[in-house]
Amino acid sequence: MARRGVERLANRTGSCHSSPPPRGDLQSKPERHVKVRDYMSSEVVTANLRDGLRQTFYRMRERGIRHMPVVGEDEAIVGVISDRDLRMPDWVDDEENVAHYYLLDNDHKVEGAMTRDPLVVHADDRLQDAVDLILKHRIGALPVVGEGRRVVGMISAVDMLRAFSESGVE
């Protein structure tokens, strides 16, 4: 079994690229692939399973982030909570005066709203593999994990756009 999340997923889905690389592959030099570590954010704010949704919403808003890894007692990643997870469910718009069904308060916990067992990447993974995951799964960011699945960073679609912008690809 492969050690890395991207490798595990790529081996199952066949999403790893073979030569030649697809058009738009982000490489600064032909022999060196751009790594996740080159563009990830390493100052990560995490949530705990028992954090309240209101508290989590305000922490995300204060820091201008839309995705927050959720860690367990051992500090290993167990989920991700996003601004989408904190929005009203789609069905609320279908009925009149049902806003009371969804309350953003601290009685509701992160554990109940987060995405469990998130896709993850490692700092030494190719940035192109992270791009492929974000596109395939239509997500906005990926946690970057190290030893023991501890969060060491986040890589977002915005970080990837920055990489593309800096690559000089036209």
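Within the assembled protein chains, the solvent-accessible surface assigned to residue 108 is about 80 Å², based on a 1.4 Å probe.
Restricting the stretch 112-170 to trypsin sites (Lys or Arg not before Pro) that sit in a DSSP loop and have at most 14 other Cβ atoms within 10 Å of their own Cβ leaves 138.
The HN-Hα couplings worked out from phi for the stretch 133-145 by the Karplus form 6.51 cos²θ - 1.76 cosθ + 1.60 (θ = phi - 60°) are 5, 5, 5, 4, 9, 6, 10, x, 6, 10, x, 9, 10 Hz, whole numbers, x standing for Gly and Pro.
For the stretch 101-170, the solvent-accessible area with a 1.4 angstrom probe is 55 square angstrom per residue. Can you list the trypsin sites (Lys or Arg not before Pro) in the stretch 29-85 that are in a DSSP coil and have 10 or fewer other beta carbons within 10 angstrom? Of the trypsin sites (Lys or Arg not before Pro), the ones in loops of the stretch 29-85 whose Cβ has at most 10 other Cβ atoms within 10 Å are 50. For the stretch 44-79, the list of GluC sites (Glu not before Pro) that fall in a loop by DSSP and count at most 15 other C-beta atoms within 10 angstrom reads 73, 75. Quick one: if the Förster radius is 25 Å, what FRET efficiency do residue 166 and residue 54 give, using the C-beta to C-beta distance and rounding to 0.05? Result of the calculation: an efficiency of 0.10.
The values are calculated or read from the model by the stated rules, or taken from the named source; none is laboratory data. Since this is a predicted model, take the numbers as computed values, not measurements. Glycine also receives a Cβ, built like all others from the backbone with ideal geometry; neighbour counts cover every protein chain displayed. Heads up: the accessible areas ignore ligands, DNA and RNA and are worked out on the full protein's heavy atoms, side chains in. Shrake-Rupley method; radii C 1.70, N 1.55, O 1.52, S 1.80 Å.
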